[in-house]
Amino acid sequence: TVTQSGQLNSGSTINLTDETANLNMKSSGAFTLLNVAAGNGNINIDTSGQAFNFGKGVGSSFAGNVNLGNTTLDLKGDNTTVLKNATLVTGTDSTVNVSEIQQTIGNLTLDGGTLVFGLTNQQGERFGSINTGILNSSSANQTYVQLDLSKVASDKTAFDPTSNLLNHVGQNIE
């Protein structure tokens, strides 16, 4: 287990060899992890409610858990690339923003926190979605799913927000 509050040597590879290996990242502000990540252990992140990002070059070989707690993550770009083979775990007080079209990650575990889906991005493209291998939901903590209806373009019609969200699974809704 490595507990770190600042940057590691960016030239180092973090190899979390098995499920018991942990990298604990605790920061009082926004943080970007720049190290190549490998293995199938746990990256535990707490940025005191601020943004967390994976930097360019971290890669997609990490196959463990990225556990968010008290952290905000925009699911796009390098963040999605790193999670290609990993499991994203939304923990207590975490927020995952999904505003880009479709983000494909290894697995998703809902264990608290909030998923925020913007219905359109700045380019007027459709709202984001998450394509994942396994979707788990923990019974221990509630996870909230928020649809940002303020981002609906005036010329598009959104689904009925009073209906059950699960009724819309697999539909392409504008």
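The values are calculated or read from the model by the stated rules, or taken from the named source; none is laboratory data. No experiment lies behind these values; they were computed from the predicted model shown. Methodologically, a virtual Cβ is constructed for each residue, glycine included, from the backbone with ideal geometry; neighbour enumeration extends over all protein chains shown. Protein only, heavy atoms only, side chains kept; ligands, DNA and RNA dropped before computing areas. Shrake-Rupley method; radii C 1.70, N 1.55, O 1.52, S 1.80 Å.
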Inset, instruction - For the range 55-65, indicate whether the set of residues that are assigned to a loop (DSSP other than H, G, I, E, B) and of a type in the set (Phe, Trp, Tyr) is non-empty. - result: yes
Inset, instruction - Could you please find all residues in the range 33-54 being part of a strand (DSSP E or B), out of contact with any helix residue (DSSP H, G or I) (no Cβ under 7 Å at 6 or more places or on another chain) and open to solvent by 10 Å² or more (accessible area, probe 1.4 Å)? - result: VAL36, ALA38, GLY39, ASN42, ASN44, ASP46, ALA51
Legend entry - All positions within the range 84-102 that are within 17 Å of ASN53 (Cβ to Cβ), out of contact with any Leu (no Cβ under 8 Å at 6 or more places or on another chain) and either of a type in the set (Val, Ile, Thr) or at pLDDT 95 or above (or both): LYS84, ALA86
Legend entry - Tally of residues being out of contact with any Gly (no Cβ under 6 Å at 6 or more places or on another chain), in a strand (DSSP E or B) and modelled with pLDDT under 90 across the range 110-131: 5
Legend entry - Among the candidates ILE134, ILE105, residue that is open to solvent by 40 Å² or more (accessible area, probe 1.4 Å), modelled with pLDDT of 90 or more and hydrophobic (A, V, I, L, M, F, W, C): ILE134
Legend entry - Tabulated pairs, the range 26-39, first at positive phi, second surrounded by fewer than 17 Cβ atoms within 10 Å (Cβ to Cβ), C-beta under 7 angstrom, 6+ apart or interchain: GLY39/ASN15; GLY39/THR17
Inset, instruction - Can you confirm whether the range 83-92 contains a residue that is surrounded by fewer than 18 Cβ atoms within 10 Å (Cβ to Cβ) and in contact with a helix residue (DSSP H, G or I) (Cβ under 8 Å, 6 or more places away or on another chain)? - result: no
Inset, instruction - Please work out if SER61 is open to solvent by 50 Å² or more (accessible area, probe 1.4 Å) and either in contact (Cβ under 8 Å) with a residue 24 or more places away in the chain or within 20 Å of ILE14 (Cα to Cα) (or both). - result: yes
